[in-house]
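Contents: one structure, followed by commentary.
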């Protein structure tokens, strides 16, 4: 299932990945020279423009899940499956409406933790840190595992070596360049991802006779074309809410909101959502070609690479097909891993080290301290990824947890008073009931339940003994 | 059931939209570069 299917040798795989790794690290060192202080390292000087801002938000949201799971969604849930995945872009589109308010409320803000501390006090801040750390760590570990799996499947590189390699590359350039390196490499990676997806999709379209394909699907897989498909419709709303929860709370997006120029940030997030929307469809529809083109899919999870590789082989591209798929998938993973490493280490330094433990980290000590945190986080991710546990399940289970933060974020941004205790109780109840729903009712209900319960609590908190936000509209000071 | 023409528009639309996205990023990069507003 490795070299036979993807026609790429192990040595070719190593060469491609090492060349890409050297390129990213070199660029990271080059761009990292711009980071003269902690604000430069963590927030790229708060002066990021529209092109780099849009690309980094989009590339971070394109993970290996997008390129790998979208074809699986298409294969199992059809048209609605792809649309369900695309609704994750709505999180970016809506966040564009929040960014202006975030920058007004927190002109000197550094992390999402600043907002939760300001609005919901120490208890809310701690609850946020627990949820976001669980989510971010499971996202990071699942990306590292996906990287190892892909290098093994595409090039026959042993799992542990491949996983270690992709992690080391991302740690190195994040370490040397901070957010400058992450944003710069994200731009190149986003172009590679977009061009790669269009190129592969174009080849599939060229090979596919639409009338025959439509007839084949409507005869053998009619459910994929159904307009009324209740499970898929639930998946649409679940994915949308999971996306809202992920984007609204996670420091990956907040750090970008603080890094972009104030006038640019809303436009950049809106544009990134627009750019992201068609990607799950463009990357996913190739699964529909499997049946009509007679492509055998031995493992559902490998649908995308198998179909892409088969079609490129039919087009006479041979080994180049495997290399192209490897580059696109490597970029989609690296663009998320680097952002998560940078944003999560910012949280660990700002909120945990300086905030919770009151450690003094001055400008002179900052780079050393940031380096230790980034490497430490990388080692932790490696240790959790090495045993190849099914961490992806932890990421999906965290759906209701992040879903329960949607309404508290919105209320904290736009309302002037609220009952904090009821909001926090709603987050806890939404998380607990959402996890229960995940196991008892099905994965596609979990985020719906989490967000629904928390919404009811947040609305009640507006009317039952609300307290005015003490520091509303005042700039928060850096610790 | 979704029609064949819908499937056409759906797939070509997504591919075209993605390609336009790549083009838009390149144009924006050039504009930011010229105006000195990259970062």
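The values are calculated or read from the model by the stated rules, or taken from the named source; none is laboratory data. Please read all numbers here as calculations on a predicted model, not as lab measurements. Every residue, glycine among them, receives a Cβ derived from its backbone with ideal geometry; neighbour counts consider all protein chains shown.
Each row is one residue, and each column tells you yes or no for (1) modelled with pLDDT of 85 or more; (2) out of contact with any strand residue (DSSP E or B) (no Cβ under 6 Å at 6 or more places or on another chain); (3) within 13 Å of another protein chain (Cβ to nearest Cβ); (4) assigned to a helix (DSSP H, G or I).
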| residue | (1), (2), (3), (4) |
| --- | --- |
| A:56 | yes, yes, yes, yes |
| A:65 | no, yes, no, yes |
| A:75 | yes, yes, no, yes |
| A:78 | yes, yes, yes, yes |
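Here residue A:326 fits the description: at pLDDT 85 or above, assigned to a helix (DSSP H, G or I) and either away from chain B (no Cβ under 14 Å) or surrounded by fewer than 24 Cβ atoms within 10 Å (Cβ to Cβ) (or both).
So if I check each of A:121, A:147, which one is in a helix (DSSP H, G or I) and under 27 Å from residue A:381 (Cα atoms)?
Details: A:121 fails: under 27 Å from residue A:381 (Cα atoms).
None of the others qualify; the one that does is A:147.
Within region A:358-369, the set of residues being at pLDDT 85 or above, under 18 Å from residue A:342 (Cα atoms) and touching a helix residue (DSSP H, G or I) at 6+ places or on another chain (Cβ under 6 Å) comprises just one member, A:366.
Checking each residue in region A:380-401 for being at pLDDT 85 or above, surrounded by fewer than 19 Cβ atoms within 10 Å (Cβ to Cβ) and farther than 20 Å from residue A:129 by Cα picks out A:382, A:383, A:386, A:387, A:388.
If you go through region A:280-310 one residue at a time, how many are within 14 Å of another protein chain (Cβ to nearest Cβ) and assigned to a helix (DSSP H, G or I)?
Just the residues of region A:280-310 that are within 14 Å of another protein chain (Cβ to nearest Cβ), to begin with: A:280-289, A:291-292, A:307-308.
Then drop every residue that is not assigned to a helix (DSSP H, G or I), which leaves A:280-289, A:307-308.
Qualifying residue count for the region: 12.
Name the helices (runs of 4 or more DSSP H) wholly within region A:160-279 that hold at least 1 residues that are within 14 Å of chain B (Cβ to nearest Cβ) and under 30 Å from residue A:109 (Cβ atoms)?
Those helices (runs of 4 or more DSSP H) span A:251-259, A:265-276.
So residue A:292 passes all but one of these: (1) surrounded by fewer than 24 Cβ atoms within 10 Å (Cβ to Cβ); (2) over 16 Å from residue A:203 (Cβ atoms). Which condition number does it fail? Going through (1) surrounded by fewer than 24 Cβ atoms within 10 Å (Cβ to Cβ); (2) over 16 Å from residue A:203 (Cβ atoms) one by one, residue A:292 breaks only (2). The set of residues in region B:1-12 that are under 14 Å from the mean Cα position of the chain (by Cα) and more than 7 Å from every other protein chain (Cβ to nearest Cβ) contains only B:12.
Filter region A:402-423 down to the residues that are part of a loop (DSSP other than H, G, I, E, B) and in contact with a strand residue (DSSP E or B) (Cβ under 8 Å, 6 or more places away or on another chain), then identify the one that is surrounded by the most Cβ atoms within 10 Å (Cβ to Cβ).
Only one residue tops the list, namely A:419.
Pairing each residue of region A:185-209 that is touching a residue at least 40 places away in the same chain (Cβ under 8 Å) with any residue that is outside any helix (DSSP H, G or I), provided the two are 6+ apart or on different chains, yields C-beta distances under 6 Å for A:193/A:62; A:203/A:315. Note on region A:368-396: residues that are free of Cβ contacts under 8 Å to residues at least 60 places away in the same chain and within 18 Å of residue A:449 (Cβ to Cβ) amount to 2.
So is residue A:339 surrounded by 21 or more Cβ atoms within 10 Å (Cβ to Cβ), within 21 Å of residue A:375 (Cα to Cα), touching a residue at least 12 places away in the same chain (Cβ under 8 Å) and within 14 Å of another protein chain (Cβ to nearest Cβ) or not? No: the conditions fail for residue A:339. Residues that are assigned to a helix (DSSP H, G or I) and either surrounded by fewer than 24 Cβ atoms within 10 Å (Cβ to Cβ) or free of Cβ contacts under 8 Å to residues at least 12 places away in the same chain (or both) within region A:87-98 comprise A:89, A:90, A:93, A:94, A:96, A:97, A:98, listed in sequence order.
When residue A:339 is tested against (1) at pLDDT 90 or above; (2) within 17 Å of residue A:152 (Cα to Cα), exactly one condition is not met: (2).
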